[in-house]
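The values are calculated or read from the model by the stated rules, or taken from the named source; none is laboratory data. Values in this document were obtained by computation on a predicted structure and should not be read as measured data. All Cβ positions, even for glycine, are placed from backbone atoms using ideal geometry, and neighbour counts span all protein chains on display. For the accessible areas, the whole protein counts, side chains as well, though only heavy atoms, and no ligand, DNA or RNA atoms are used. Shrake-Rupley method; radii C 1.70, N 1.55, O 1.52, S 1.80 Å.
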Amino acid sequence: MKEINIPKSANGFIYTIKSVERATIKCPKSCCYIKDKDYDCWYVSKLKQLGITFNQGQFNCIKVVINVKNIGDNSHWIVGAEDAVLIDSEGFSYSGIILCEDCLPPRTVQDKTLILPQTQVNYIQVFPLLEAKYEIAK
């Protein structure tokens, strides 16, 4: 992971990967749907679509913290999971999802947050775990 914390610039934005780690995320169970075992909230449903297993109120994933600075005057950029993909050592790409707003730590934004000119945000994107024989591409 030689490229951690090396900023990349594009279209008036600076992207910095702050951390990449294997993590276990615990659901705070504040979602009203979590109480009904026959119904998954939208977030758990999306995790399952990506191949991330949700079990006993938690899930294991690759957690990536990204900082984005809007250094220009572009006011139309919105945080979204489609902006970053994970690439393994064989060149395969993986989609992720922005961390659920119920699980966000302070000073991080949720999905579809607008980045105003001359401001910055942190967001957390989660990806499925890679098989043991693969690594994250450098």
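A few remarks follow.
- Positions within the stretch 63-103 being under 21 Å from THR53 (Cα atoms), within 16 Å of the chain's Cα centre (by Cα) and open to solvent by 40 Å² or more (accessible area, probe 1.4 Å), in sequence order: LYS63, GLU82, VAL85, ILE87, SER93, TYR94, SER95, GLU101, ASP102
- Note on the stretch 89-102: residues that are assigned to a loop (DSSP other than H, G, I, E, B) and more than 20 Å from ILE78 (Cα to Cα) amount to 4.
- Qualifying residues in the stretch 1-31 (those that are aliphatic (A, V, I, L, M) and at pLDDT 60 or above) - the one nearest to ASP88 (Cα to Cα): VAL20
- Selected residue (criterion: modelled with the highest pLDDT) from residues of the stretch 114-128 that are surrounded by 17 or more Cβ atoms within 10 Å (Cβ to Cβ) and assigned to a loop (DSSP other than H, G, I, E, B): PRO128
- Just one of the listed residues (ILE66, ILE34) is at pLDDT 85 or above and under 18 Å from LEU104 (Cβ atoms), namely ILE66.
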